[in-house]
């Protein structure tokens, strides 16, 4: 099972999905809860819950928000499909921030690329919850301060080299997620839902002063990444066996 694959999405898209009429006590609801998503968002608040999971509130530039959870690796069975990814995400977070039992609200909010598995939680007054209760739980990867829109190579510059990488991707010479095409979600600079020669042309034009890229966070789209499905042996009441406790 390839956990490097994910489906790029937005908070508004996930929040628009209909919540199940009932949540199973033992199992996940397909396809949403068996899909790993990638979101380009802002981290606006975080804290450590009583169960030691990290409760993160994320926002987009339109004011939509939702919760993502970084489980405590100590609560994850070593045989879990997600054990390595959870430990990795927790280490990424701890290397940048310190979560305590009190809310912390970074000012300004921190741009992040966050990856995790979809999960409909019971609505019980959680701070920052989406209207339908959708979360990413567990979080499997976090990138703080991701590259700017158009910086496909991840070198913090937007230039003709990025245009070349996008053009190579469009004709099948590059694959998403592989070095140096490390950040494919920033390649859709014209916002048409695809990463193709049109984006390469826009980047090249900007490099020579003939155009301008969008200044807001790059949107991420379903067309950039393959849909990736994960196992369905999870419990809405207690996710400790595979991905930490739900909050």
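The values are calculated or read from the model by the stated rules, or taken from the named source; none is laboratory data. What you are looking at is a predicted structure, and each value in this text was computed from that prediction instead of being measured. Cβ atoms come from the backbone with ideal geometry, glycine included; neighbour counts cover every protein chain shown.
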Within the stretch 90-127, how many residues are in a loop (DSSP other than H, G, I, E, B) and over 24 Å from residue 30 (Cα atoms)? 14
Starting from the stretch 192-213, take each residue that is on the phi > 0 side of the Ramachandran plot and list its partners that are modelled with pLDDT under 70, counting only C-beta distances under 6 angstrom and pairs at least six apart or across chains. 193/221; 193/223
Is there a residue in the stretch 29-36 that is more than 13 Å from residue 140 (Cβ to Cβ), in a loop (DSSP other than H, G, I, E, B), at pLDDT below 95 and in contact with a helix residue (DSSP H, G or I) (Cβ under 7 Å, 6 or more places away or on another chain)? no
Against the conditions (1) surrounded by 19 or more Cβ atoms within 10 Å (Cβ to Cβ); (2) free of Cβ contacts under 8 Å to residues at least 60 places away in the same chain; (3) not assigned by TED's automatic domain parsing to the domain that holds residue 45, where does residue 154 fall short? Just the number, please. (1)
Tell me, please, whether a residue that is surrounded by fewer than 18 Cβ atoms within 10 Å (Cβ to Cβ), farther than 18 Å from residue 63 by Cα, free of Cβ contacts under 8 Å to residues at least 24 places away in the same chain and not assigned by TED's automatic domain parsing to the domain that holds residue 202 can be found in the stretch 105-117. no
Every residue in the stretch 75-95 that is out of contact with any strand residue (DSSP E or B) (no Cβ under 8 Å at 6 or more places or on another chain), at pLDDT 95 or above and more than 11 Å from residue 138 (Cβ to Cβ), please. 91, 94, 95
Complete set of residues in the stretch 4-28 that are within 19 Å of residue 146 (Cβ to Cβ) and in contact with a helix residue (DSSP H, G or I) (Cβ under 7 Å, 6 or more places away or on another chain): 8
